[in-house]
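Only one structure is covered here, and it is reproduced in the block below.
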Amino acid sequence: MMTNENNATAEKIVLITGASSGIGKATALLLAKKGAHVVLGARRTDRLEAIASDIQAEGGSVAYRTLDVTNLEQMQAFVNFAQEKFGRIDAIVNNAGVMPLSKLEVLKIEEWNRMIDVNIRGVLHGIAAGLPLMQQQGWGQFINLSSIAGHAVYPTAAVYCATKFAAIAISEGLRQEVSNIRVTVISPGVTESELADSISDDTARQGMQDFRRIAIPPEAIARAITFAIEQPNDVDVSEIIVRPTASPY
């Protein structure tokens, strides 16, 4: 049974991109259980529908809309949809991401561009769509997903790491520029997800399979995101790194 008693997440309006699986899905389920109104966006609307049905069956509040974060107009429509339905926005979780790893010498330029579009432009589009409304409200929170790849560079991951370093830089810049809007970076370590499914390079795919032998469930990241949201408006959790206890990275 969903509950909104005695917790700081109750009744908050939280938008989540990349919500059809992995961290996005886990975050949606946890926040809804805690009484938040969750608004889910992703390209795979059939999955969003299934997640929404599960949340509603437990008494939770949820809405969803098709979203490609690389399209600024779709992102703006997603934010407008949430505002029209719930009247305000308390937090945007910029979670959508892709990770088609390969060595630079393989020259998978289309995959480089895809990572740049989703992992960097997607975050910027979330900020562009949500920031004016949050400034008008006088409050709000952006939670941007980086990675341990935003703290160290690994072979086959140069472009992916660059996008995750960028997410941290963008977040810190926004934090310094605004005084009444909270900005949080969540940097997951190896987490069970579909990210590795996008790796087309055989060498990189094998390396990631080895890398993922130690992994934590997406619910671990969802709890970190929820912790940041639960803090009072004058407390900004700037960054959390969450990784397996046994992780060497």
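The values are calculated or read from the model by the stated rules, or taken from the named source; none is laboratory data. None of the values given here were measured: they were computed from a predicted structure. Neighbour counts are summed over all protein chains in view; Cβ atoms, including those assigned to glycine, are modelled from backbone coordinates with ideal geometry. The accessibility values were calculated without ligands, DNA or RNA, using every heavy atom of the protein model including side chains. Shrake-Rupley method; radii C 1.70, N 1.55, O 1.52, S 1.80 Å.
Odds and ends about this structure:
- Highest-MSF residue in the chain out of Ile214, Ile229, Ile109 [GNM, Cα springs under 10 Å]: Ile109
- A 1.4 Å probe over all protein chains sorts Ser179, Ser187 by accessible area into Ser179, Ser187, starting with the largest.
- Percent breakdown of C-alpha pair distances by 10 Å bin, ordered from the shortest bin, for the stretch 62-129: 20, 44, 22, 11, 3
- Considering only Val93, Met134, Asn80, and ranking their Cα positions along the charge dipole of the chain that arises from unit charges at the beta-carbon of Lys, Arg, Asp and Glu, the one farthest toward the positive end is Val93.
- Kyte-Doolittle mean at least -0.5, axial Cα span of 27 Å or more - DSSP H helices of the chain: 158-177
- For Lys33, the lysines whose Cα comes closer than 16 Å to its Cα, not counting residues fewer than 8 places off in the same chain, are Lys12, Lys25.
- Carbon and sulfur %, accessible surface of the stretch 45-125 computed with the full protein complex present, 1.4 Å: 46 percent
- Placed amide H near Ile143: partners under 5 Å, 5+ positions off or other chain: Ile92, Val93, Asn94, Thr184
- Exposure check, 1.4 Å probe, all protein chains in place: Leu67 carries approximately 10 Å² of accessible surface.
- Under the Debye formula (equal points on every Cα, no solvent term), log10 I(q)/I(0) of the chain at q = 0.07, 0.15, 0.16 Å⁻¹: -0.21, -1.01, -1.16
- Dipole magnitude for the chain: computed about the Cα centre from +1 point charges on Lys and Arg Cβ and -1 point charges on Asp and Glu Cβ, it is near 100 debye.
- Listed residue (Ala42, Val242, Thr163) projecting farthest to the positive dipole end of the chain, Cβ model: Val242
- Vicinal HN-Hα couplings computed from phi for the stretch 182-187 (Karplus, 6.51 cos²θ - 1.76 cosθ + 1.60; Hz; Gly/Pro x): 7, 9, 10, 10, 10, 10
- Contact order for the chain, expressed relative to its length and based on alpha carbon pairs under 8 Å spaced 6+ residues apart, stands at 20 percent.
- Summed over the residues of the stretch 111-169 and divided among them, the accessible surface reaches 36 Å² per residue at a probe radius of 1.4 Å.
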